[in-house]
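Let me begin by presenting the structure, written as structure tokens, before commenting on it.
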């Protein structure tokens with residue numbers, strides 16, 4: 001039988017894989033993609049809770065729609081910034097962008 | 001029972017493709033693994049009876065975000081990963097954080113008494129309900145989201161467009 | 001709010017309004033500034049008369065109005081006014097003298113660059129002084145007390161480009177601070193003990209006897225310190241003679257009639273508190289008598305007309321303190337009231353002379369009677385009044401003081417007061433004869449001052465003559481029926497005392513006439529005979545020099561040691577802290593790598609640590625459905 005716990009644990013695993021990606025990828029595009037994983041983990045959580053805990057109200061799904069919207073906007077802007085950085089520095093490795101250090 | 005089988009298929013697909021996405025040296029492959037992950041998440045949505053969301057997931061994430069990402073990868077010419085290192089120096093701490101994080105949160109979740117909270121499972125036409133809610137209760141956030149998208153669009157164009165000097 | 005309270009609040013507010021308007025708007029228009037200032041004080045004067053008329057109907061009553069201000073724990077602090085006979089009489093004195101002096105100043109300050117500024121300061125002073133008078137609690141009294149100190153500083157240093165004036169201003173400020181410091185400590189102790197700043201409540205507290213005798217003595221002496229500083233009692237008298245560097249109207253208003261009398265007024269206001277400590281009263285009496293005698297002897301030898309008057313002021317203030325210390329509440333305030341008029345008159349006459357001669361030295365004057373008749377006559381009246389000649393105002397108040405000293409039974413104080421009266425008459429007429437009689441020096445263009453200056457002189461001389469009649473006993477208008485502590489006193493008149501004081505004053509005048517008027521006795525010969533005493537007096541008992549010695553030799557050595565401690569130990573500690581911060585910063589800055597992913601790592605580690613801590617110490621939190629406690 002499919003239970004809420006299945007979905008929650010799946011989303012936890014997906015979330016931390018995304019965190020790992022954000023922490024370790026050098027390529028800025030890779031970081032952005034890892035962020036999408038995190039968003040998806042959250043979405044699974046939202047929909048699962050909505051379905052199991054409050055089946056009459058589907059606010060969780062509505063929220064998911066908004067999260068997808070924001071994620072789309074975020075990735076568009078992120079990619080645009082990466083492109084602009086690439087134009088000026090010919091590199092998009094996150095650990096080389098360290099002008100703001102001591 | 002069928003749903004449980006499908007759940008495990010999708011779950012394994014999600015976890016494996018996500019791991020490949022994160023660890024792949026070639027950023028182009030990463031993007032493709034991401035597409036697979038997102039597709040499997042859409043499958044999970046179907047299992048949860050959220051058909052409309054599954055559709056959005058495929059259309060927006062795979063159709064728009066991943067495609068856009070691949071475009072940018074092409075534009076930045078960073079697809080060859082053989083000479084350059086693809087991971088920074090904090091892989092091991094990040095791995096430790098990953099494992100402890102998973103263990104801690106799973107423990108916390110297991111501790112929680114879900115059974116008493118779970119209501120029944122009902123099947124109904126959620127697409128119509130979502131449409132109703134979006135245009136009634138959530139009409140203002142809905143409009144705000146459209147404005148947000150417009151701002152993101154204009155912002156992206158403004159950031160990427162060339163200066164006069166660079167032309 | 002009762003109408004009378006509105007009036008009470010308006011009296012000090014109007015001069016403040018005038019100050020504000022002059023400073024903010026009319027600084028460039030000299031005559032308008034003067035008119036605003038004078039109008040404000042004139043209205044206050046009228047209102048003060050209304051207060052007096054109101055109070056006459058019921059002299060024993062008092063009215064009190066409070067607005068809560070600060071309540072700290074058990075300590076209550078209000079802003080409020082109290083209207084009783086003491087307030088009324090003091091309001092009348094301050095507004096009258098202030099009004100006349102301001103009118104006089106139009107003539108005296110004519111052509112001065114700081115004309116508007118002068119009137120602004122005078123208005124500010126009037127505001128502060130009236131604020132002292134109506135204050136019903138010690139904190140408010142202290143605030144205005146410091147404000148008059150500030151005004152005094154500003155006005156003494158009015159001609160700040162003169163180094164003497166600037167120095168005198170600083171000296172006045174610093175010296176009075178010594179007294180004010182004690183005053184503040186006294187206020188804080190008594191308010192802490194009584195739990196209130198309100199004067200009447202404090203009086204009730206002391207009457208209830210919840211305070212030990214020694215503590216009471218300490219508090220009263222500390223409070224009296226304020227009066228010592230402000231009223232120039234020994235040993236803090238040194239600032240007042242130097243304060244004569246200010247414009248003469250200022251000397252008349254602040255350093256003769258009103259501000260220096262604030263100390264006396266304060267003692268009178270707190271008189272029930274003072275009365276409850278007989279030792280402190282004795283101290284007040286002795287200090288007053290000593291200051292009176294001490295300053296009178298210095299006044300004998302001074303050459304500067306204003307300094308003579310300054311020492312005379314000190315002496316008269318000592319007299320008032322002596323009266324209060326002997327239990328003569330009415331006598332002290334009565335003398336304050338008459339003294340305000342004739343001393344202001346003396347100063348304004350001196351100002352008139354200085355205005356004509358452009359010098360303060362009495363030996364450069366002489367024979368001015370013919371050239372400045374009004375000034376001369378009014379000065380003569382004032383000198384008679386201060387000497388205590390019947391029937392001028394000074395006679396009544398001085399008689400009252402002598403009587404109260406005699407009633408207190410202390411013969412020593414009585415005879416010292418009589419001797420002071422002799423000296424007073426002598427130095428006042430020395431001043432008069434040297435300045436106005438005899439042969440004129442060669443001053444071609446000396447003429448009487450303009451009417452704007454002489455009219456206030458004439459008005460003040462009328463006051464000097466007649467204001468004493470309220471001291472007549474058993475009359476309808478007698479001051480004893482208006483101003484009293486518990487119940488109206490009858491008022492006494494002792495023919496013997498009156499005769500003695502008159503004869504002694506007459507002797508003083510006669511002696512001065514012989515030496516300086518007729519020159520029968522050679523002044524130089526007297527001087528030589530006095531020898532060393534004369535030198536000591538001339539140098540004001542070397543008090544200033546003694547203070548300077550203490551400051552230069554002892555105080556500076558001490559401060560050198562403290563300076564070393566501060567530079568090396570205190571600053572060293574501060575520098576050590578700074579060095580540690582810098583060192584730690586140098587190490588910690590290495591964590592700021594500029595790489596986003598490092599920062600993300602810090603966040604993730606932080607979150608995991610928080611989860612772990614919660615897990616260990618508060619496992620319930622991890623259950624998201626746990627009941628919120």
Quick one: count up the residues across segment C:21-46 that are over 12 Å from residue C:122 (Cβ atoms) and more than 23 Å from the chain's Cα centre (by Cα).
15
Which residue out of A:91, A:51 is within 14 Å of chain C (Cβ to nearest Cβ) and over 20 Å from the mean Cα position of the chain (by Cα)?
A:91
Every residue from segment B:51-67 that is facing chain A (nearest Cβ under 10 Å) and over 11 Å from the mean Cα position of the chain (by Cα):
B:52, B:53, B:54, B:56, B:59, B:64
Go through (1) in contact with a helix residue (DSSP H, G or I) (Cβ under 9 Å, 6 or more places away or on another chain); (2) more than 30 Å from residue B:77 (Cα to Cα); (3) within 7 Å of another protein chain (Cβ to nearest Cβ) one by one and return the number of the condition residue A:30 breaks.
(2)
Which one of B:34, B:38, B:48 is facing chain A (nearest Cβ under 8 Å), over 20 Å from residue A:72 (Cα atoms) and either touching a residue at least 60 places away in the same chain (Cβ under 8 Å) or touching a helix residue (DSSP H, G or I) at 6+ places or on another chain (Cβ under 9 Å) (or both)?
B:48
Please determine whether any residue of segment C:520-530 is surrounded by 10 or more Cβ atoms within 10 Å (Cβ to Cβ), modelled with pLDDT under 90 and part of a loop (DSSP other than H, G, I, E, B).
yes
What do you reckon, is residue A:40 in a helix (DSSP H, G or I) and either more than 8 Å from chain B (Cβ to nearest Cβ) or in contact with a strand residue (DSSP E or B) (Cβ under 6 Å, 6 or more places away or on another chain) (or both)?
no
Residue list for segment C:253-280, restricted to those being surrounded by fewer than 21 Cβ atoms within 10 Å (Cβ to Cβ) and touching a residue at least 40 places away in the same chain (Cβ under 8 Å)
C:271, C:272, C:275, C:276, C:279
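Rundown of residues vs (1) modelled with pLDDT under 90; (2) closer than 30 Å to residue A:83 by Cα; (3) at the interface with chain A (Cβ under 7 Å from one of its Cβ atoms); (4) out of contact with any strand residue (DSSP E or B) (no Cβ under 8 Å at 6 or more places or on another chain), yes/no style:
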site: B:86; (1), (2), (3), (4): yes, yes, yes, no
site: B:90; (1), (2), (3), (4): yes, yes, yes, yes
site: B:109; (1), (2), (3), (4): yes, no, yes, yes
site: B:120; (1), (2), (3), (4): yes, no, yes, yes
site: B:147; (1), (2), (3), (4): no, yes, no, yes
site: B:152; (1), (2), (3), (4): no, yes, yes, yes
site: B:159; (1), (2), (3), (4): yes, yes, yes, yes
Filtered residues of segment B:14-28 (kept if more than 13 Å from residue A:18 (Cα to Cα) and either at pLDDT 90 or above or in contact with a strand residue (DSSP E or B) (Cβ under 8 Å, 6 or more places away or on another chain) (or both))
B:27
Can residue C:369 be described as in contact with a helix residue (DSSP H, G or I) (Cβ under 7 Å, 6 or more places away or on another chain), on the phi < 0 side of the Ramachandran plot and surrounded by fewer than 20 Cβ atoms within 10 Å (Cβ to Cβ)?
yes
Identify all residues within segment A:43-86 that are modelled with pLDDT under 85 and not in a loop (DSSP other than H, G, I, E, B); write none if there are none.
A:53
Residue count, segment C:50-84, condition touching a residue at least 60 places away in the same chain (Cβ under 8 Å) and either assigned to a strand (DSSP E or B) or exposed (fewer than 15 other Cβ atoms within 10 Å of the Cβ) (or both), comes to 16
Could you please find all residues in segment C:306-361 being buried (at least 24 other Cβ atoms within 10 Å of the Cβ) and in contact with a strand residue (DSSP E or B) (Cβ under 9 Å, 6 or more places away or on another chain)?
C:310
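The values are calculated or read from the model by the stated rules, or taken from the named source; none is laboratory data. Since this is a predicted model, take the numbers as computed values, not measurements. A quick note on method: Cβ atoms are made from the backbone with ideal geometry, for glycine too, and the neighbour counts reach across all protein chains shown.
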